[in-house]
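Below: the structure, in structure tokens.
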Amino acid sequence: MTTLASILDEADKALAYINKNASESKPLDPRVFEHLASISGKLASGQSDNSHFYGMPAAPKPDKPEAGFANGSPSSSGLGDTNKAASDLTIDVYESNLKVAQVISQKTAATASAINRLAGKRGFNSVRALADVSRVADRVACICEKTALTEEWVSEDLGKLAATSDHLHGLFHSKG
């Protein structure tokens, strides 16, 4: 998967599989969540470099940065230092949100696996449980696919999804 289109096609196929099996009350293969995590990693690896997705060579980097705005050099307006600090903060936010999304994906995969092991036991509604897990995984995949992980609202939404994922994971895994 080297182009954005092929990565998105893979994500669509995985989500279609989840939706189809959840609607038909079929158990989900937990590897699909691992696959979604892998896909989100591929999106994240080249998100700031469009040439990664279009199969084009990256633009050569200059030997020496140009003086001025957004590269840490003093500028006439004094904004160079401010932009450097904002840039550092943005990468921290991005990395933090990406890590949260990856942890959620890992926990949903483990939870789906545990639910599939319990499927068919009397009194256990595996379809509903998998639908709950699928809902969390779908929302995380949607955030990773359709937004920049540095947007202000993403941290809050991922935090809520992480709490839901932790709760679901805790229902099927011992805390010790």
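The values are calculated or read from the model by the stated rules, or taken from the named source; none is laboratory data. Since we're looking at a predicted model, the values are computed, not measured. Here Cβ is always computed from backbone atoms with ideal geometry, including for glycine, and neighbour counts include all displayed protein chains.
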Cβ pairs under 6 Å, 6+ apart, first in the range 120-135 and closer than 21 Å to V32 by Cα, second modelled with pLDDT under 85 and surrounded by 12 or more Cβ atoms within 10 Å (Cβ to Cβ): S126/A119; V127/S25; L130/A22; L130/L28; A131/A22; S134/I18; S134/A22
Failed item in (1) assigned to a helix (DSSP H, G or I); (2) modelled with pLDDT of 50 or more, with G123 passing the rest: (1)
Test: K107 is at pLDDT below 90 and under 15 Å from the mean Cα position of the chain (by Cα): no
Test: residue in the range 94-106 that is part of a helix (DSSP H, G or I) and more than 19 Å from G41 (Cα to Cα): no
Complete set of residues in the range 17-38 that are assigned to a helix (DSSP H, G or I) and farther than 16 Å from R139 by Cβ: Y17, K20, N21, S23, R31, E34, H35, S38
